[in-house]
Ligand SMILES: Cc1ncc(COP(=O)(O)O)c(C=O)c1O
């Protein structure tokens, strides 16, 4: 931590150093795939936002509004996009809904999704299917679990039967399977379909490049691997896709020069201003300033380390943890192919144990992990230090011994 000339504290993030999280109770916090705890930088950013609004009221708006562009730029840098192709939105789900309701659907169009996805990337497509009379198919993720090549072959066959859109998570929330997005996008495009990606389990810890990978739409929430707070997110739309979208979800800020009538005197209140021609059209109304101040601080720290370095760091952490779990009879769901690995490790307990019991026993020992859909999930990020692995394994051994005697 250093102090800048204007007395703002400049926080420095280092791999394996959790000193920016002094209040964190857990001995090992492995729940970044659920909710990240706010770092000191994040907490100060929110306080700074509140202090500015507390002092200046509406006069704080313009200064913070200008920071939107800087935040969009930082987020765009994380995924290889241009800032103008991003909209700041309220959650990953909001981005799914935006595209699900604005694609120019034709009755009978088919959406391909996957069984096992987090519901955020299913429900809005189901609603669109009902509203626009579309077909929706949910494919099994099992072929992708066996190998990317096998999954892609199945997807190729399905796309051959016709589809308008494939909706997938960059990383599956329970198994941690990283999907082959570039190959999926190439297949989609070959068959005249588009690829929608929910990247909330990837962005911030798993490299993504929307342009190189050919992703058409990508949504992300701010409170997991981006390490911001809930109620924030962003939507990327490939620039050549935006004009085709029907603006069903426009709001007062979706227009060009939307705020002119508030500061430029009489005669500027028009309802026929054109809608913005880039993704920021999806920034439809007043905006979660405190939340985005938090997200900005969090993402600046991630950008200062770099996502590829974070990805290597967490995988080096997970390697010995996976080995120790395998030795104790757990079944790892982590892919053997490094290209299919993410930043999380999901395991199934030995048959004689109940996953809920193990989770409770670990929680009592201040090991914070999760059990989505019955999978024991460990999700470390840049502050986790490799030394924690011994602490987790010792806690696990105690927990298993305790449960064996119950
Ligand atoms: C893959 C996935 N998508 C979406 C969500 C929900 O995101 P949000 O609450 O930002 O809509 C989650 C987890 O909460 C998730 O794991």
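Please treat every number below as a calculation from the coordinates, not as lab data. This structure is a prediction, so every number in the text was calculated from the model and none was measured. Methodologically, a virtual Cβ is constructed for each residue, glycine included, from the backbone with ideal geometry; neighbour enumeration extends over all protein chains shown.
For the chain, what mean projected area does the convex hull of the alpha carbons give, in nm²?
On the way: hull surface 86.3 nm².
Its average projected convex-hull area is 21.6 nm².
Dimensions of region 1-152 along the principal axes, based on C-alpha atoms and rounded to the nearest Å, stand at 60, 42, 27, largest first. The distance between label points at residue 277 and residue 398 comes to 6.4 nm (points 7 Å beyond Cα on the Cα→Cβ vector).
Does region 1-90 come out rounded, prolate or oblate, given a ≥ b ≥ c as the square roots of the eigenvalues of its C-alpha gyration tensor, rounded meaning a/c under 1.5 and, failing that, prolate meaning a/b above b/c? Judged from the Cα gyration tensor, region 1-90 comes out oblate (a/c at least 1.5, b/c at or above a/b). In terms of its C-alpha gyration tensor, region 335-406 comes out oblate, because a/c is 1.5 or above while a/b does not outweigh b/c. Taking label positions 7 Å along the Cα-Cβ direction at both residue 259 and residue 286, the computed distance is 1.3 nm, reported to one decimal.
According to the square roots a ≥ b ≥ c of the eigenvalues of the Cα gyration tensor, what is the shape class of region 202-257, taking rounded for a/c under 1.5, prolate for a/b larger than b/c otherwise, and oblate for the remainder?
Values: a/c = 3.08, a/b = 1.32, b/c = 2.34.
Taking the square roots of the gyration eigenvalues as a ≥ b ≥ c, region 202-257 is oblate.
Among 175, 219, what is the fewest-to-most ranking by other Cβ atoms within 10 Å?
In order of increasing Cβ crowding within 10 Å: 175, 219.
Once both labels are positioned 7 Å from their Cα atoms along Cα-to-Cβ, the gap between residue 357 and residue 212 label points is 4.7 nm. Computed from the C-beta positions of residue 391 and residue 150, the FRET efficiency with R₀ = 30 Å rounds to 0.20.
Quick one: compute the contact order of the chain, relative version, from alpha carbon pairs under 8 angstrom and 6+ residues apart, as a percent.
Numbers: 776 pairs, mean separation 95.9, N = 406.
Relative CO of the chain lands at 24 percent.
Note on residue 133 and residue 74: with the Förster distance fixed at 30 Å, the Cβ-Cβ geometry gives a FRET efficiency of about 0.15.
Peptides 25-33, 94-102 ranked from most to least packed, by the mean per-residue count of other Cβ atoms within 10 Å: 94-102, 25-33.
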